[in-house]
Amino acid sequence: MPELPEVETIARGLNRRVAGDAVESVWLGEKPEPLKSPAKEIASVLERARIAGVRRVGKHIVFDLELPSRNGRKSRMTRGQWIVHLGMTGRLLIATPEVEMAKHTHAVLKLASGRELHFVDPRRFGRLAVVRMESSSAPGFAAPGEEPLGSQTERFVTLFRGRKTPIKSALLNQKLFSGVGNIYADESLFRAGIRPRRRAASLTREQLRKLHGTVQEVLREAIELGGSSVSDYVDAEGREGFFQFQHRVYGREGEPCLVCGTPIKRVIIAGRSSHYCPRCQK
Ligand SMILES: [Zn+2]
């Protein structure tokens, strides 16, 4: 499943390639699962919309749209958004009309530039939605939790202090912090020297401050390297990320810790694999 750095990489790549383009027409597949808004509404918002920009909000990709006014008056521009969640296996591909449509394609947007934007998702956990913002002050889509890269340290400490769950589960709780997934939670905890099973409430303010720092550091490094290519993740331009070569604990069960040589352990916390060094992490 793509995590925050992969989604950020994909959104940046899409922004570079499709910002300023416009949607001419929309084709939607028959499968109902990927459509979180009614098909008619998706088509109605997207058709003839200009793509002002593409950005990441939490783990969602948000296309900011300028919609033609419905009564034809140019002066009243309505804004809208196309919100894509990639789920487990979703991908947004830029294609040309002569390229054969991949299996499991659920949406095709024909663009004014002659290119097409395809949403492909074999396992169909991905979701497509639209919003139409009638007033200029309408806030648009917001992720449920705090944005990790924009958050203040003291806010992080307040959110996580006093929680009785393991710190790893708290980090994965998208209602607290939006976008930190399994890989980056394990890597942040390793760098902070904290065992994933430790109760959040048992950590000192100083430890929580350190963890907030390592979460941001790991996410920033991963974005710089284009994310982690685990399973079949590639960015919008079909490139792999390189952060997987920086993983110090994730996916390294039984291998020696890069700091102390102790074999890395793997435990299951809240149904997810957690990797840690039993010596470096307390
Ligand atoms: Zn170690």
Listed residues V54, V7, V23; which is open to solvent by less than 30 Å² (accessible area, probe 1.4 Å) and not in a strand (DSSP E or B)? V7
Is it the case that V62 is out of contact with any strand residue (DSSP E or B) (no Cβ under 6 Å at 6 or more places or on another chain) and open to solvent by less than 30 Å² (accessible area, probe 1.4 Å)? no
Please list, ordered by first then second residue, the pairs with beta carbon atoms under 7 Å, 6 or more apart or interchain, first in the stretch 86-97 and open to solvent by 30 Å² or more (accessible area, probe 1.4 Å), second part of a strand (DSSP E or B) and not acidic (D, E). R91/V120; L93/H118; L93/V120; I94/L117
Which one is surrounded by the most Cβ atoms within 10 Å (Cβ to Cβ), of the residues in the stretch 247-273 that are within 13 Å of the ligand (Cβ to nearest atom) and under 23 Å from G226 (Cβ atoms)? V249
Do any residues in the stretch 42-54 that are touching a residue at least 24 places away in the same chain (Cβ under 8 Å) and over 16 Å from L28 (Cα atoms) have Cβ atoms under 7 Å from those of residues that are open to solvent by less than 10 Å² (accessible area, probe 1.4 Å) and outside any strand (DSSP E or B), where the two are at least six apart or on different chains, and which pairs are they? I51/V18; V54/A11; V54/L14; V54/V18
Would you mind telling me which numbered condition in (1) modelled with pLDDT under 95; (2) closer than 15 Å to R209 by Cα G193 fails? (1)
Cβ-Cβ under 9 Å pairs, at least 6 apart or on other chains, the stretch 250-265 side on the phi < 0 side of the Ramachandran plot and without any contact (Cβ under 8 Å) to a residue 24 or more places away in the chain, far side among the hydroxyl-bearing types (S, T, Y) and within 10 Å of the ligand (Cβ to nearest atom): P256/T262; I264/Y276; K265/Y276
It is to be established whether one or more residues within the stretch 29-42 are in contact with a Gly (Cβ under 8 Å, 6 or more places away or on another chain), surrounded by 19 or more Cβ atoms within 10 Å (Cβ to Cβ) and not in a strand (DSSP E or B). yes
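The values are calculated or read from the model by the stated rules, or taken from the named source; none is laboratory data. No experiment lies behind these values; they were computed from the predicted model shown. A quick note on method: Cβ atoms are made from the backbone with ideal geometry, for glycine too, and the neighbour counts reach across all protein chains shown. Note: areas computed on protein heavy atoms with side chains; ligands, DNA, RNA excluded. Shrake-Rupley method; radii C 1.70, N 1.55, O 1.52, S 1.80 Å.
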